[in-house]
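Encoded as structure tokens, the structure appears first; notes follow it.
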Amino acid sequence: EPEVTQTPSHQVTQMGQEVILRCVPISNHLYFYWYRQILGQKVEFLVSFYNNEISEKSEIFDDQFSVERPDGSNFTLKIRSTKLEDSAMYFCASREGGLVGNTIYFGEGSWLTVV
Amino acid sequence: GENVEQHPSTLSVQEGDSAVIKCTYSDSASNYFPWYKQELGKRPQLIIDIRSNVGEKKDQRIAVTLNKTAKHFSLHITETQPEDSAVYFCAASRNQAGTALIFGKGTTLSVSS
């Protein structure tokens, strides 16, 4: 079964450093998402992306965050200047398209630790 | 925006018992309601979903019911097994391209044998 893949699986970074999390969505999928999950808490929506632009973003997704689809396969999340509270599991997800009823598939996640 | 409330936050049952998790949503335009199971350190995985034109859906030991008027939906797991132990999240979404899936806070289900 096709999977959403994410790298790195775990990253430790110094506060104030830039971080790029990478994702390869399922190949025929058109909609891409980033979610985050602080340890022990719920999965929170960050941003959705379609046709090379942001479709929707949450209040969490402020100017420190950006997304990009640099080529035909990768989808990246950049955090410009990390803060301690950015420590979380970041999940990339993708959906095939059509009606919203299509399943959203999640990657295994990238665990970010800011120290 | 959409807000999803989920109860209970923890649920402990004996193996073989049934478990019920309930969610309410705020956006009357939401019409897609999936349930995800998340094991420790793993990704959320879809276990069942329901659309607003359906009141109930069943898949083996798992069923989901939806009451659009009251804006609530529930997950029912029958004949629970220890491997059902996990965190379960409900979610809701509007029928619009690229729309966010908004999650509830999760229910930690523990099934003891």
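The values are calculated or read from the model by the stated rules, or taken from the named source; none is laboratory data. Predicted model, so just to flag it, every value in this text is computed and none were measured. So basically every Cβ, Gly included, is an ideal-geometry build from the backbone, and we count neighbours across all protein chains shown. Only protein heavy atoms, including side chains, enter the accessible area calculation; ligands, DNA and RNA are left aside. Shrake-Rupley method; radii C 1.70, N 1.55, O 1.52, S 1.80 Å.
Descriptive notes on the structure:
- Odd one out for residue A:20 among (1) more than 9 Å from chain B (Cβ to nearest Cβ); (2) assigned to a loop (DSSP other than H, G, I, E, B); (3) open to solvent by 10 Å² or more (accessible area, probe 1.4 Å); (4) not basic (Lys, Arg): (2)
- Any chance residue B:42 is within 14 Å of chain A (Cβ to nearest Cβ), out of contact with any strand residue (DSSP E or B) (no Cβ under 8 Å at 6 or more places or on another chain) and free of Cβ contacts under 8 Å to residues at least 40 places away in the same chain: yes
- Filtered residue count, segment B:33-52, keeping only those that are open to solvent by 80 Å² or more (accessible area, probe 1.4 Å) and closer than 14 Å to residue B:93 by Cα: 1
- Answer residue from segment B:62-96, given it is among the small types (Gly, Ala, Ser) and under 14 Å from residue B:6 (Cα atoms) and is farthest from the other protein chains (Cβ to nearest Cβ) among those: B:74
- The condition of being touching a residue at least 12 places away in the same chain (Cβ under 8 Å) and either on the phi > 0 side of the Ramachandran plot or in a loop (DSSP other than H, G, I, E, B) (or both) holds for residue A:3.
- Residue B:16 meets the conditions (1) open to solvent by 10 Å² or more (accessible area, probe 1.4 Å); (2) in a strand (DSSP E or B) in every case but one. The failed one is (2).
- Among the residues here, residue A:82 qualifies as open to solvent by less than 10 Å² (accessible area, probe 1.4 Å) and either among the charged types (D, E, K, R) or over 13 Å from the mean Cα position of the chain (by Cα) (or both).
- Which listed residue, of A:58, A:110, A:66, is in contact (Cβ under 8 Å) with a residue 12 or more places away in the chain, more than 11 Å from the chain's Cα centre (by Cα) and open to solvent by less than 60 Å² (accessible area, probe 1.4 Å): A:58
- Top-ranked residue of segment B:53-102 - restricted to ones that are part of a strand (DSSP E or B) and β-branched (Val, Ile, Thr), ranked as farthest from the chain's Cα centre (by Cα): B:102
- Any chance residue B:64 is closer than 29 Å to residue A:110 by Cβ and crowded, with 18+ Cβ neighbours inside 10 Å: no
- Residue-level check: of (1) over 21 Å from residue B:38 (Cβ atoms); (2) open to solvent by 40 Å² or more (accessible area, probe 1.4 Å); (3) small (Gly, Ala, Ser), residue A:97 misses just (2).
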